[in-house]
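First the structure, in the form of structure tokens, and then the observations on it.
The values are calculated or read from the model by the stated rules, or taken from the named source; none is laboratory data. As the structure is a computational prediction, the values presented were derived from the model and not from experiment. All Cβ positions, glycine included, derive from the backbone under ideal geometry; neighbour counts span all protein chains shown.
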Amino acid sequence: MIRTTFILLAVSSALAEIEIKEAEHSATATLNKKILWSYHHNPAEGKPYFHPLASTDGTMFTDLRPADHPWHRGLWFSWKYINGVNYWEEDRKTGKSQGETRIIALKRTISQDQQANFDLELAYAPDKSDAVVMRESRSVKVSPPDDNGRYCIDWSSTFQALDKDVILDRTPIPGEPDGQSWGGYAGLSLRMNQSVKDGVFLNNNGLRDNETNRKPARWMIFDVPEGGSILFMDHPSNFNYPSTWYTIKNMPFFTPAVVHDALHTIKAGESLRLKYRLVVAPRSLTSDAAEKEFNKIRKDI
């Protein structure tokens, strides 16, 4: 059973007044009455997601269910194939995937300093099946904006195989048998809207835009000209660190695709933990600033 509370917090900060409102299946933060972020966790939808997601300067980053890929949900997590079953794409008519990401339980907490915490229990099973193959314990934390207008989203999950091995896979990549130009994606992903299509990708190796696709990196910045930025960081404790990133400039879209290079098996009874941090900033972030933020995550999450 989903456990929820309904509260309203309004706290004056160095920036302005922030309000966080909770409804049954979502929580929304506003800054000066404009949406900063909204987190959705409706069991009927599965796959919890952030949308809208904006910087404190008003730059709106995310897109929800765009016509080209209606299964894209702003900032969200999805595996591609689990034991050969597709959990990513959804039928355009029914909105259902072959595999279901089910929300089993939820605990939400909004602290007095405006940090939002979401602790979820999820299960993975083929559509309409009781045969759960994997469980997940997920923690999502959203900090209040600091004096520079930056806020963080910390995402941490532990995936546990049950009585059988779990194989995490993706569409084959170029160079593999049946490899596809679009192969390789899976995991925590960010789909953005056309208003920020002129944004620039930059990774810690100095590669930009299309050069960043299928390259390993500790972090990736998406910088909107004369607007905000998002810094997306891969935690050093993650397996396959630094992940190979899958980026698409013209969507725009990016993800540290943790199984890009090869499938991964979680042995029966064993687990896999993944951790990420995103920093949403109202102005451009330099490489030096990104490195400073990256060094914080070693002790923070």
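Within the range 158-184, can you find the residues that are over 22 Å from T247 (Cβ atoms) and among the polar types (S, T, N, Q)?
T158, Q160, listed by residue number.
Right, L272: closer than 26 Å to D165 by Cβ, part of a strand (DSSP E or B), in contact with a strand residue (DSSP E or B) (Cβ under 9 Å, 6 or more places away or on another chain) and of a type in the set (A, V, I, L, M, F, W, C) or not?
yes
Could you check Y87 against (1) of a type in the set (S, T, Y); (2) free of Cβ contacts under 8 Å to residues at least 40 places away in the same chain; (3) more than 18 Å from P70 (Cα to Cα) and say which number it fails?
Checking Y87 against (1) of a type in the set (S, T, Y); (2) free of Cβ contacts under 8 Å to residues at least 40 places away in the same chain; (3) more than 18 Å from P70 (Cα to Cα), the one that fails is (3).
For every residue, the table says whether it meets (1) part of a strand (DSSP E or B); (2) of a type in the set (D, E, K, R); (3) over 20 Å from H25 (Cβ atoms); (4) modelled with pLDDT of 95 or more.
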residue: T101; (1), (2), (3), (4): yes, no, no, yes
residue: N117; (1), (2), (3), (4): yes, no, no, yes
residue: L120; (1), (2), (3), (4): yes, no, no, yes
residue: K128; (1), (2), (3), (4): no, yes, yes, no
residue: Q160; (1), (2), (3), (4): yes, no, yes, yes
residue: I167; (1), (2), (3), (4): yes, no, yes, yes
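For the range 15-65, which positions are part of a loop (DSSP other than H, G, I, E, B), hydrophobic (A, V, I, L, M, F, W, C) and either crowded, with 17+ Cβ neighbours inside 10 Å or modelled with pLDDT under 95 (or both)?
L15, A16, F61
Name the residues in the range 232-269 that are small (G, A, S), closer than 21 Å to G179 by Cα and not in a strand (DSSP E or B), would you?
S243, A262, listed by residue number.
Can you run down the residue pairs with Cβ atoms below 6 Å, 6 or more apart or on separate chains, where the first is in the range 236-261 and closer than 12 Å to V200 by Cα and of a type in the set (D, E, K, R) and the partner is at pLDDT 95 or above and surrounded by fewer than 23 Cβ atoms within 10 Å (Cβ to Cβ)?
Pairs that qualify, where the first residue is closer than 12 Å to V200 by Cα and of a type in the set (D, E, K, R) and the partner is at pLDDT 95 or above and surrounded by fewer than 23 Cβ atoms within 10 Å (Cβ to Cβ), are K249/D209; K249/N210.
Does R218 satisfy the condition of being of a type in the set (K, R) and either crowded, with 18+ Cβ neighbours inside 10 Å or more than 19 Å from S78 (Cα to Cα) (or both)?
yes
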